[in-house]
Structures are given as structure tokens and as C-alpha cells.
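The values are calculated or read from the model by the stated rules, or taken from the named source; none is laboratory data. Quick caveat: nothing in here was measured; it's all calculated off a predicted structure. We place every Cβ from the backbone using ideal geometry, glycine too, and count neighbours over all the protein chains shown. When the accessible area is computed, the model is the full protein with side chains, heavy atoms only, and any ligands, DNA or RNA have been set aside. Shrake-Rupley method; radii C 1.70, N 1.55, O 1.52, S 1.80 Å.
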Amino acid sequence: MINILHVLKRTTLIVGVLLCAACSSWKSPSSSSPARPVIFPDYAEVTIPSNIAPLNFMVEEAGHIQATFSHPGGQVIRVKGKDGVVRIPLKKWRYLLEAAKGGNIDVQVSVWDEAHPEGISYLSFPIHVANEPVDQWISYRLIEPGYVGWRQLGIYQRDLTSFDESAIVTNRKTNTACINCHNYPSYSPESMLFHARGKNGGTILYKDGKLQKIDFKSIGPKKNTTYPAWHPDGRYIAFSSNTTHQVFFGEGEQPIEVFDTASDLVIYDTQSGQVLTDPRFMTEDKLETFPSWSPDGKYLYFCSYQAHQLPVYFSSGIAYDLLRVPFDPVTGTLGNEVEVVYDAAQRGGSTSYPRISPDGRYLLYTWSQYGTFPVWHEEADLRMMDLQTMEDVDVSQWNDADDADSYHSWSSNGRWVVYGTRRMDGRYTRLSMAYFDEAGNADKPFLLPQEDPRQNVWRLMSFNVPEFMQGKVELPKGAADLFYSEE
């Protein structure tokens, strides 16, 4: 018969020996610095969700590296690494986050490099842990940032509490389909849509467990559908119908400009299969784009521009106003009054991507000097408006002075914002996340954590259109077959 007590004693002894061995290999640096370490990504003094994946980081040109993560409650994580890379064990990190919720994690870093062969310890820095979690899942399109780089692309999803990433749908079967504009109703992974452009393409709609392809050019007003916004109740989907062109510049820092020569608003009723239109938003003299619903579904926000000859008017500026119109979800009709939320002629610049916080109070949008494709505008920034006071909210901390900050999404609890930024190199769009507290204060942004922080440099893909979800998307098999055809 096995002596359980004897086994436990031996196990305890073995664990104790292993712990002592681990402690004995922990080095003591010979000097200290009054400065904080320069780490990548920069996680010093950021506020993070209480369920985020480990904030792995690196110190360039370091060989051996040691980092201690501690909380006043007594929880401590010690991590050693080589090549200057710190990788935090996932299970220990989760315990530490739970203990530090609503407080701080103190991070102390020591490195051994050519300049400090005997090691140097740096001044510690805090990481704030919010009480609020973030939605577990996020989706985005991965694409090479070229002008014909859509030959290999897909829509992927990532578990924000770990580093698990999986494909929702890709164009591996055919490199002629450009997959884009994924969207969900109220963060639900149970419904989804995306466009597949090219031969045998269309809008792929997944709802009520059914997968179908819709060719909008053959129904209703027979217009293509571009930027989508799924109504919170899941029945209606607003689209802009854009006729898009692009021009390439022979000189200057901006290589490309994308513009519309026509764009209208249409609404698709998923129950009846009808396309609903309003003659006010189907004219040639005004270009409407980027629809977005208020969280209660009672207003449709969109951007609008008085049409001129394009691209001639680039030099004088193409300014998009931000408007809203009431919506009746019972009848599927838009109300009479069209309200100007942002008057571009008075306030300057051009608006795009309006997104309203889940509590309906804050409007987050992208501002650029002109145009409707801010991802290629170095001056593009995120801006916010308090819809109760119609006053601006300071989110300047989220923006980079030299490179574009563009597409953005709110978490379902309204405490987190994720957005695309080109701040690292001006060419590749990566994802940053930031905390927005109940008092309306914007906190320092941070790059989405990666299992190996060097992936932020090595993975030469753009992360486009980040969208939070409250679960993992599981499309039925054969989703790609809907837009695949034998050549």
C-alpha cells in the first residue's frame, strides 16, 4: 500500500530543492541606474485589463535579462531570459493580475550586456491593473500593406487573455478574392458578415446558424455594399455603397490617396431580404459613407461630403462632415431631421469611422486634414466628443505626432479602445489598446502583447479593422467555398 504521507514529504523536498536551485541561479547585478530601462514595447505606467495576456517585452542588445514582477500583497514573479527577451509564465501572470486588480504591479529589470558585463539594475516602474476586464476576443484582417498585397490575406481572431490566434476565414483557396469589412451585431460571435471581392464574390452573411452569399448588385437598387454597420438588434445592416478610386503620387511622403466619386447609404433587412433606401441619401451631389449605429439603435451616424470633381479638389481639401439621423427599428425607416454633429467647414479637417461608446455618451472618430482614407494620412488622429455636452474630450495621448492613428473599436464595457496605428514605422498598421475611465480620462496606450515581443517587428503584416467580440467565431465549414470558383 502506498504511503501517501511519505510521497508528500518526498515531493515537498524535491520541489524545495528545485526552488533553491532556481534561486541560486538568480544573478546579482554589480551596479544600478537611477533611470528606468528602455523596454519594447513600452509598458511603463500603462493601465491594463485585469485579464490581458502577459506583457512580454525586451531590452535591445541585452544578453541575459532578469525581471521581477511584484505586488504589495506578496505575489512575486521572477523571470530570466536570454537575448534580452522577457517571457512571463501565463498561469503565474493570471494569479498576479487577479491579486493586483485595482492596484499596481511593480516591475524591476536588470540586464547584462556589452556595456555592463557584470549586470546593471534599473529603476522599477509600475503597471496599473484596472478592475475592468476586456472582451476576451478580438478579430482583425491580416494583409501585406502593398497595393496588390491582397493575394494572400485573411480575417483572424485572437484570444486577448492568451496568445492563441486562429483564422476565421482566408483566401487560401483562391488568391483573387479580397476579403474585408468584417462586422458583428453587439459584439456577438454568433453572427458575422464580410465581403469577398473578385470573381464569384459577394457579401458573406452568417446568421442564425446559416451561411449565405448575397450579391447586392442583383437586388434592390443593385448597388455594391462597402462599409457595414450591423444594427444592435441584429435585424438590419447599414451599408455605404462606394465607388472608390486610388491615385499614386510621384513624389512626397504619401504614396497613395484613396477617394470616392460616389457613395450612398442603404439598409439591408435580414428578415425580408430587402434593401431599404431613402432618396435623401441616394443623390449624386452628396457622398455618404462610414455608417455607424448608436448602441440603442435609435440613430444612424455617418460621414458626408458635398461632391466635387475628384481628384482635382485634393489641393483645396475634401472635408467630410459627421451627421446623424433618427432610425425606427419597427418600420426600418430613417427620421426627418438630419443633425450635424461635426461641421467640417467650421471646425476644419475631415471625419471618418464614427464609433459610439456602449453607454451612448462618447463619440470616437478619426480626424485627418482631408479625405476619406486616413490610414495613409500621417496627420490622422483619433478624436472624441462628449455627446451630452458636445465638447471635445482629450485623447491626444492616444495619437502619434508623425504617423497615422485610424480605425478603432470600443470594448463592450466601454472601458477599452483598440485602434490601428502606424507609429512604429509609418507603413505597417499594428494594434494599440488604451484605457478610458468612467470620468472620461484617456490613459497611455500600449501595443497588443505578443508571445515574443520581436513579433511586432518580424511579422510584416498590417492588422486592419480591429473588432472586439464576446466569444470565438466558429463559421461553418465551407465559408470560403462561397466565393471560390475553379479557374
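Here are a few things to note about the model shown:
- A residue that is in contact (Cβ under 8 Å) with a residue 60 or more places away in the chain, in contact with an Asp or Glu (Cβ under 7 Å, 6 or more places away or on another chain) and open to solvent by 60 Å² or more (accessible area, probe 1.4 Å) occurs nowhere in the range 437-453.
- Residue that is nearest to Ala130 (Cα to Cα) [pool: residues in the range 50-67 that are surrounded by fewer than 20 Cβ atoms within 10 Å (Cβ to Cβ) and not acidic (Asp, Glu)]: Ser50
- Restricting attention to the range 292-325, the residues that are open to solvent by 30 Å² or more (accessible area, probe 1.4 Å), modelled with pLDDT of 95 or more and in a loop (DSSP other than H, G, I, E, B) total 3.
- Here Pro117 meets the list (1) open to solvent by 10 Å² or more (accessible area, probe 1.4 Å); (2) part of a strand (DSSP E or B) almost entirely, failing just condition (2).
- Of the residues making up the range 68-106, those that are touching a Ser or Thr at 6+ places or on another chain (Cβ under 6 Å) and either crowded, with 17+ Cβ neighbours inside 10 Å or not in a loop (DSSP other than H, G, I, E, B) (or both) number 4.
- Residue match in the range 387-396 (condition: closer than 19 Å to Asp343 by Cβ and polar (S, T, N, Q)): yes
- Residue within the range 280-291 that is over 26 Å from Ile214 (Cα atoms), at pLDDT below 95 and basic (Lys, Arg) present: yes
- Some residue of the range 126-145 being at pLDDT 95 or above, touching a strand residue (DSSP E or B) at 6+ places or on another chain (Cβ under 8 Å), open to solvent by 60 Å² or more (accessible area, probe 1.4 Å) and not aromatic (Phe, Trp, Tyr): yes
- Residue pairs meeting the criteria (Cβ under 6 Å; at least 6 apart or on separate chains; first over 16 Å from Pro54 (Cβ atoms), in the range 94-112; second open to solvent by 50 Å² or more (accessible area, probe 1.4 Å)): Gly102/Asn131; Asn104/His128
- Where a residue in the range 404-420 is over 19 Å from Pro228 (Cβ atoms) and of a type in the set (D, E, K, R) and its partner, wherever it lies, is open to solvent by 10 Å² or more (accessible area, probe 1.4 Å) and outside any loop (DSSP other than H, G, I, E, B), with Cβ under 8 Å and at least six apart: Asp405/Asp381; Arg415/Tyr435
- Selection status of Ala380, of a type in the set (A, V, I, L, M), more than 20 Å from the chain's Cα centre (by Cα) and within 19 Å of Tyr305 (Cα to Cα): no
- When residues of the range 454-472 are limited to those that are open to solvent by 40 Å² or more (accessible area, probe 1.4 Å) and not aliphatic (A, V, I, L, M), the one farthest from Asp405 (Cα to Cα): Lys472
- Those strands (runs of 3 or more DSSP E) of the range 375-434 in which 1 or more residues are closer than 24 Å to Ile52 by Cα and touching a Lys or Arg at 6+ places or on another chain (Cβ under 7 Å) occupy 405-410, 416-421.
- Selected residue (criterion: farthest from Gln152 (Cα to Cα)) from residues of the range 176-209 that are of a type in the set (S, T, N, Q) and open to solvent by 20 Å² or more (accessible area, probe 1.4 Å): Ser186
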